[in-house]
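Heads up: the structure comes next, in structure tokens.
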Amino acid sequence: VTHGKSSIGIDLGATNIKAALVSAGGRILIRGAMETSARGGPRVVADQIAALVTHLSATAPGERSRVRGVGVGCPGLVDSGVVRTPPNLAGWDEVPLQAMLESLLDLPVKIENDVNAVTLGELRHGAGRGYRDFVCITLGTGLGGGIVLGGKLYRGPIGSAGELGHVTIKYDGPRCRCGNRGCLERYVGAEYIMRRAADKIKAKWRNGEMAKRTETPTTQHRARRRIGSVSIDLTRLDKSQLGQLTVEIIGRAARAGDPIAIETLRETGELIGVGMASVVNILNPELIIVGGGVARAGRVLLDPIRQEIRRRAFPFPGRFVRVVRSALGDDAGVLGAATLV
Ligand SMILES: [Zn+2]
């Protein structure tokens, strides 16, 4: 039995559109998904979202009259129902997505930046429940951020607040897609995590050829036993498999004890911690919620974040802040979007 009206949450990404009918209490009642026709442009994508909404409403008998509205989480700068410059969606420079969807659907529609929506989801139903001041970061292609101050999402005057992935951690560092140099995201985005792991694997290959001659069978055996039989040994990947490496594989390998994966995620965590130490000094948050695929690695990633914050931030706010994993996981996007209405 659901109490109160349900709403539909849409997580619009460059590759997939995920949708869910969500109860007022934050329970997912039905799900739907579709590949994003990104090349078709905003019109086609709006039609896809409308089709998903119609499908979810129709497959929920008795629910249609009770759907309160549709919330959409969308990448890019989102303000007053208009989407501006979402990364990875070419041609979306000034799209009035909210008006487009309202003309297709007989329901109120609310649009918000995807990570802001996730942050609202964590505030309402997730790890941020009961907290008033926290930040939420999501690790994916880039590093997205959202800020809650005084129990409310802080958007800034034009909705661009919370771009925590673009905190500069190295003033003369590599160029970021935003135009700046040395942004945090430029070190901890999925592509860069994989690159770091691949470099370590290649170095191991090179050293391995020489080491084989000196290594005794005993140490080999001991190393393998520690890694365990169910684990993925990253150094055993061949050249063709190296191209298929994902952050999920690295996360899984780290949890199973793979030293290269652990080292890669430790470094990633330290770099995130460097950026978050500044955030802690600026905002004095109670919590930093870490979400996204890599966050599943757990302590391997979170401990170095905590350590680096303690090492760098002012002692009182640095010891005060708690670093926790997202409570909503893969559903954060649709659940967050559903809380918009
Ligand atoms: Zn940047």
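What separates the Cα centres of the stretch 139-210 and the stretch 72-138 is a distance of 21 Å.
Counting Lys and Arg as +1 and Asp and Glu as -1, what is the net charge of the other residues whose Cβ lies under 15 Å from the Cβ of Tyr154? With Lys, Arg at +1 and Asp, Glu at -1, the neighbours total -3.
The Cα atoms of the stretch 251-341 give a gyration tensor whose axes a ≥ b ≥ c have a/c of 1.5 or more with a/b no greater than b/c, which makes the shape oblate.
The string of couplings for the stretch 70-79 from the Karplus curve (6.51, -1.76, 1.60, θ = phi - 60°) is 10, x, 10, x, 9, x, x, 7, 10, 8 Hz, one whole number per residue in order, with x for Gly and Pro.
Relative protection proxy for 330-337, 41-48, from highest mean packing down: 330-337, 41-48 (other beta-carbon atoms within 10 angstrom). Around the amide H of Arg181, modelled in the peptide plane, lie the amide H atoms of Cys176, all under 5 Å away and 5 or more residues distant in sequence or on another chain.
Between rounded, prolate and oblate, where does the stretch 17-76 land on the alpha carbon gyration tensor, with a ≥ b ≥ c its root eigenvalues, rounded for a/c under 1.5, else prolate if a/b exceeds b/c? Because a/c hits 1.5 or more and a/b exceeds b/c, the stretch 17-76 counts as prolate. Checked against a 27 Å cut-off, the cross-linked pairs Lys5/Lys152; Lys18/Lys170; Lys18/Lys152 give Cα-Cα distances beyond that limit for Lys18/Lys170. Looking at the stretch 45-165 alone, DSSP beta bridges between its own residues are antiparallel in about 70 percent of cases.
All C-alpha to C-alpha distances of the chain, sorted into 20 Å bins beginning at zero, yield P(r) values of 29, 53, 17, 1 percent in whole numbers. About its Cα centre, the dipole of the stretch 259-341 is roughly 320 debye, where the only charges are +1 on Lys and Arg Cβ and -1 on Asp and Glu Cβ.
Placing unit charges on each Cβ (+1 for Lys and Arg, -1 for Asp and Glu) gives the stretch 1-107 a dipole about its Cα centre, and among Ser23, His55, Leu97 the Cα reaching farthest toward its positive end belongs to Ser23.
Shape class of the stretch 1-151 from the Cα gyration tensor (axes a ≥ b ≥ c, square roots of the eigenvalues): oblate, since a/c reaches 1.5 or more and a/b does not exceed b/c.
Each of Ser23, Ser103 was scored by other Cβ atoms within 10 Å of its Cβ. Arranged with the fewest first, they read Ser103, Ser23.
Entry note, the chain: the mean residue ellipticity at 222 nm calculated from DSSP H runs of n ≥ 4, each adding -39500 (n - 2.57), is -13000 deg cm²/dmol after division by the residues and rounding to the nearest 500.
Every read-out reported here was derived from the displayed coordinates using simple, explicitly stated rules and does not represent laboratory data. As the structure is a prediction and not an experimental result, all values here were calculated from the model. Using ideal geometry, Cβ is built from the backbone for each residue, glycine included, and neighbour counts are taken over all protein chains shown.
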